[in-house]
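Heads up, the thing below is written out as structure tokens.
The values are calculated or read from the model by the stated rules, or taken from the named source; none is laboratory data. Here the structure is a predicted model, which means the values were calculated and not measured. Cβ: placed from backbone, ideal geometry, glycine included. Neighbour counts: every protein chain shown.
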Amino acid sequence: MTDSSEYTPPRVWTWDAESGGRFASINRPIAGPTHDKELQVGKHPFQLYSLATPNGVKVTVMFEELLAAGHADAEYDAWLINIGEGDQFGSGFVSVNPNSKIPALMDHTTTPPTRVFESGSILLHLAEKFGAFLPADPAHRPEMLSWLFWQMGSAPYLGGGFGHFYAYAPTKMEYPINRFAMETKRQLDVLDRRLAESPYLAGEAYTIADIANWAWYGQLVLGRLYDAAEFLDVESYANVQRWAKAIDARPAVQRGRMVNRAFGEPETQLHERHDASDFETRTQDKIGEAAE
């Protein structure tokens, strides 16, 4: 492919205009807060500030799995952070996550409370705190950690790479779409080959490695990300399909998908979660209503 309007990068890059696309208004080359806004704090030991993107879903699924497994001390409040409105740049949120990305967690079981950011870090923090969704045999721990960190390193090529250029960029461009589609399919093949060997990524047991990877790759092959299932021929990854459907059938996963969800069909949304009964009442707060 040739392009007569080929871009020549300047000697020094400067930010002089929005890049275009769905998230252009919230992208910027500097960190730090843009406005003062304190975070709300509920009654439970854990305060989660998030949105039901794949990274956010990892943590709400984890909390719901912990509660389903009988860990009553894992009760949590989940507050909606509307990234489209720039909530992640409020001073309170930035104090919890200086990177201004969801999810972010405050653990009030410690004095003073402990902040935890980055979804993989939050999963590991909770798994170790409750001794849950980790391999029973310590010899399998490195395998679990390898797949957890594989996801953290690989998913940006799926989301910020393929997802951005295929679904969100202001114009469709052949080179980046082809480049990141190829990489996404390579990653699906990596998972498919591993899942041909064992039911879950770390072996026989369901762990945080599965929770982290399912939120991205499981939902991708189930047709929930970027409207790209046919384009990527996701049905051809039979082992990933089997694994994704098995995890999707778990009641805790179904609840976790709903928490902090402010898009999609109304019956799939629970803008904030403060008690298990919220799944029945589906209480909508003002922030959530504004996000619809």
**Request:** Output the number of residues of the stretch 248-272 satisfying the condition of being assigned to a helix (DSSP H, G or I) and either in contact with a Leu (Cβ under 8 Å, 6 or more places away or on another chain) or surrounded by 19 or more Cβ atoms within 10 Å (Cβ to Cβ) (or both).
**Result:** 7
**Prompt:** Which of the residues that make up the stretch 170-214 are assigned to a helix (DSSP H, G or I) and of a type in the set (D, E, K, R)?
**Reply:** Glu174, Arg179, Glu183, Lys185, Arg186, Asp189, Asp192, Arg193, Arg194, Asp210
**Unique match (being modelled with pLDDT of 95 or more and assigned by TED's automatic domain parsing to the domain that holds Met258) among Val61, Val41** = Val61
**Message:** Let me spell it out: the conditions are (1) more than 20 Å from Ser95 (Cα to Cα); (2) touching an Asp or Glu at 6+ places or on another chain (Cβ under 9 Å); (3) not in a loop (DSSP other than H, G, I, E, B); (4) not polar (S, T, N, Q), and Ala132 meets all of them except one. Which number is the exception?
**Reply:** (3)
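So that you can scan it fast, the table gives a plain yes or no per residue for (1) within 22 Å of Glu65 (Cβ to Cβ); (2) surrounded by fewer than 13 Cβ atoms within 10 Å (Cβ to Cβ):
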site: Leu191; (1), (2): yes, no
site: Glu197; (1), (2): no, yes
site: Asp210; (1), (2): yes, no
site: Asn213; (1), (2): yes, no
site: Gly223; (1), (2): no, no
site: Ala228; (1), (2): no, no
**Prompt:** If you scan the stretch 147-189, which residues turn out to be of a type in the set (Gly, Ala, Ser), surrounded by fewer than 17 Cβ atoms within 10 Å (Cβ to Cβ) and without any contact (Cβ under 8 Å) to a residue 60 or more places away in the chain?
**Reply:** Gly153, Gly160
**Complete:** All-but-one check, Met106 against (1) part of a helix (DSSP H, G or I); (2) assigned by TED's automatic domain parsing to the domain that holds Arg261; (3) more than 30 Å from Arg179 (Cα to Cα), failing number (1)
**Asked** What are the residues in the stretch 56-99 that are within 17 Å of Asp210 (Cα to Cα) and crowded, with 23+ Cβ neighbours inside 10 Å, if any?
**Response** Gly56, Val57, Lys58, Val59, Thr60, Val61, Met62, Phe63, Glu64, Glu65, Leu66
**Request:** Give the number of residues within the stretch 35-55 that are surrounded by 24 or more Cβ atoms within 10 Å (Cβ to Cβ) and of a type in the set (S, T, N, Q).
**Result:** 1
**Prompt:** How about the stretch 106-135: which of its residues are hydroxyl-bearing (Ser, Thr, Tyr) and surrounded by 19 or more Cβ atoms within 10 Å (Cβ to Cβ)?
**Reply:** Ser119
